[in-house]
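K.L.:
If you scroll down you'll find the structure; I have some questions about it.
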Amino acid sequence: MNILLIGYGKMGKTIEAIALQRGHCIVGKVDTPDELLKFSGAADVAIEFSQPDAVIDNLKFCFEHKIPVVCGTTGWLNQKAEIETGCLQKDGTFFYASNYSLGVNLFFKLNEYLAKLMNGRTGYEVSMDETHHTQKKDAPSGTAITLAEGILKNYTGKREWVLNETQNPEALVIHAHREDPAPGTHEVHYRSAVDDLEIKHTAHSREGFALGAVLVAEWLAGKKGVYSMDDFLKF
């Protein structure tokens, strides 16, 4: 499979190594939309891990040039509905996930189930913590937002999420921490006067995220439309 890498930072380099191990060919490595515009090769799929200020232009390029795209960039989701519509209008292929790790996606489902169990139980206050390396520009992380959305969907005591602090009792607080080295840790806490209940996922390296992105790229071959990890993992 011929893969175009859009975003050649630490994650891009890890994806490259795993893709090569699995017998794929890297036909392009670009870091900016300007570099992408110069790409004239043939790609079976693009894997996009760039920056929030570049992702929209990158995705539109892929739709315009009929390149299926696997996107893991976070910090732009207020435009996701527009991008999905644009993909369908161009008869393109788009796969987005805030996190490509199998363990994290199992954690998402565990989080939703726990929120259902805790819904309506008085005396507990739910909050979240996420910790990433200092080079991560968006806060909270896309993974944290996905976890928060899973809680809000299943826990009627909270109506919105907020970053760091609030006086609103109906808001779910996400504490974002940036320190090195930290590939990614996410925690959900239900605290009461008598006990605490917590679930936690800790990533030890980028390999789990990168392998998931390559596996999705392989799965996406020949497909049209908009997909997510629920489609890939058949949850």
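K.L.:
Quick one: which helices (runs of 4 or more DSSP H) sit completely within the stretch 1-65 and have at least 3 residues that are assigned by TED's automatic domain parsing to the domain that holds PHE95 and under 23 Å from GLY225 (Cβ atoms)? Show your work before the answer.
P.N.:
Working: elements: 10-21, 33-37, 55-64.
Here the list reads 55-64.
K.L.:
Being part of a loop (DSSP other than H, G, I, E, B) and either modelled with pLDDT of 95 or more or under 18 Å from LEU106 (Cβ atoms) (or both) is the filter here; which residues of the stretch 211-235 pass it? Working first, answer last.
P.N.:
Within the stretch 211-235, the first condition is being part of a loop (DSSP other than H, G, I, E, B), and the residues that meet it are 221-224, 228, 234-235.
The answer is LYS223, LYS224, SER228, LYS234, PHE235.
K.L.:
Got at least one residue in the stretch 173-186 being over 13 Å from GLU130 (Cβ atoms) and modelled with pLDDT of 95 or more? Steps first, please.
P.N.:
Keep residues of the stretch 173-186 that are over 13 Å from GLU130 (Cβ atoms), which gives 180-181.
Next cut, modelled with pLDDT of 95 or more only: none.
Taking every residue of the stretch 173-186 in turn, none turns out to be over 13 Å from GLU130 (Cβ atoms) and modelled with pLDDT of 95 or more.
K.L.:
Please enumerate the residues belonging to the stretch 34-50 that are out of contact with any Phe, Trp or Tyr (no Cβ under 7 Å at 6 or more places or on another chain) and either among the aromatic types (Phe, Trp, Tyr) or crowded, with 17+ Cβ neighbours inside 10 Å (or both).
P.N.:
PHE39, ALA43, ASP44, VAL45, ALA46, ILE47, GLU48, PHE49, SER50
K.L.:
Still on this model: Taking the options CYS71, CYS62, name whichever one is surrounded by 24 or more Cβ atoms within 10 Å (Cβ to Cβ), more than 22 Å from LEU147 (Cα to Cα) and not small (Gly, Ala, Ser).
P.N.:
So the residue among CYS71, CYS62 that is surrounded by 24 or more Cβ atoms within 10 Å (Cβ to Cβ), more than 22 Å from LEU147 (Cα to Cα) and not small (Gly, Ala, Ser) is CYS62.
The values are calculated or read from the model by the stated rules, or taken from the named source; none is laboratory data. From a predicted model like this one, the values you see are computed outputs, not experimental measurements. Backbone-built Cβ (ideal geometry, glycine too); neighbour counts: all protein chains shown.
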